[in-house]
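Below is one structure; the comments refer to it alone.
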Ligand code: HEC
């Protein structure tokens with residue numbers, strides 16, 4: 001019998017060693033994640049406002065944040081920029097129609113969720129809750145869906161009725177506000 005080592009072993013042994021080293025560093029699968037660790041990611045806002053954090057903001061505060069962090073892409077006062085217009089929009093006629101906050105979005109609370117989660121485009125999750133409430137108030141006010149001095153917070157925001165609120169077929173009617 002030959003005493004020469006099989007060339008296959010020369011490959012397999014280091015691979016097994018490498019794999020066990022990697023597994024040693026892997027998270028302990030099966031361990032429940034703590035509420036504290038989850039809270040950073042658990043940021044869904046439901047249509048009825050469930051999940052909205054404490055705090056609030058007005059259109060005036062929002063205008064200031066908007067000018068500094070949003071106008072460069074969305075244009076002054078929410079239109080005329082390189083990216084989506086946030087104000088106005090023609091009524092939807094067909095698939096090609098531009099869908100906007102004013103003519104399409106059914107729930108005001110989605111605006112808070114979307115801005116907090118995704119904007120500014122290059123620094124998502126960088127805004128404070130106060131800034132997000134203020135920006136939400138500013139955009140709703142530019143769309144004339146709230147007054148110029150209305151404060152948006154966890155109580156007032158869910159009460160703002162969007163123009164296209166009834167434009168969707170609701171799959172689970174008793175689960176929506
Ligand atoms: C670097 C560019 C950039 C900046 C800055 C930016 N956005 Fe956006 N925003 C986008 C892009 C890209 C989209 C995706 C829609 C599109 O334009 O195609 C978007 C989409 C949105 C939408 C959804 C619009 C819709 O009808 O679908 C909202 C609301 C919004 N942005 C708000 C903001 C707010 C508020 C800020 C400031 C905190 C901000 N954005 C800053 C690029 C930007």
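The values are calculated or read from the model by the stated rules, or taken from the named source; none is laboratory data. Not measured: the values here are computed from a predicted model. Glycine also receives a Cβ, built like all others from the backbone with ideal geometry; neighbour counts cover every protein chain displayed.
Taken over segment 143-160, the criterion of being touching a helix residue (DSSP H, G or I) at 6+ places or on another chain (Cβ under 7 Å) and within 16 Å of the ligand (Cβ to nearest atom) is satisfied by 146, 152, 157, 160. Given the criteria under 20 Å from the mean Cα position of the chain (by Cα), surrounded by fewer than 19 Cβ atoms within 10 Å (Cβ to Cβ), part of a helix (DSSP H, G or I) and near the ligand (Cβ under 10 Å from one of its atoms), does residue 66 qualify? It is false that residue 66 is under 20 Å from the mean Cα position of the chain (by Cα), surrounded by fewer than 19 Cβ atoms within 10 Å (Cβ to Cβ), part of a helix (DSSP H, G or I) and near the ligand (Cβ under 10 Å from one of its atoms).
Could you tell me how many of the residues in segment 101-131 are farther than 18 Å from residue 83 by Cβ and in contact with a helix residue (DSSP H, G or I) (Cβ under 6 Å, 6 or more places away or on another chain)? Final tally of qualifying residues: 4.
When the residues of segment 161-177 are filtered to those that are more than 16 Å from the ligand (Cβ to nearest atom) and farther than 19 Å from residue 52 by Cβ, the one that is modelled with the highest pLDDT is 166.
If you go through segment 92-142, how many residues are part of a loop (DSSP other than H, G, I, E, B) and within 10 Å of the ligand (Cβ to nearest atom)? Steps first, please.
Keep residues of segment 92-142 that are part of a loop (DSSP other than H, G, I, E, B), which gives 92-106, 108, 119-128.
Filter once more, keeping what is within 10 Å of the ligand (Cβ to nearest atom): 98-105, 119-124, 126-127.
Summing the residues that are part of a loop (DSSP other than H, G, I, E, B) and within 10 Å of the ligand (Cβ to nearest atom) in segment 92-142 gives 16.
Which one is surrounded by the most Cβ atoms within 10 Å (Cβ to Cβ), of the residues in segment 80-91 that are within 9 Å of the ligand (Cβ to nearest atom), under 19 Å from residue 121 (Cβ atoms) and in contact (Cβ under 8 Å) with a residue 12 or more places away in the chain?
Step one: list which residues in segment 80-91 are within 9 Å of the ligand (Cβ to nearest atom), which gives 81-86, 89.
Checking the rest, the ones that are also under 19 Å from residue 121 (Cβ atoms) come to 81-86.
Then keep just the ones that are in contact (Cβ under 8 Å) with a residue 12 or more places away in the chain; that gives 83-86.
Values: 83: 12, 84: 15, 85: 16, 86: 24.
The extreme case among them is 86.
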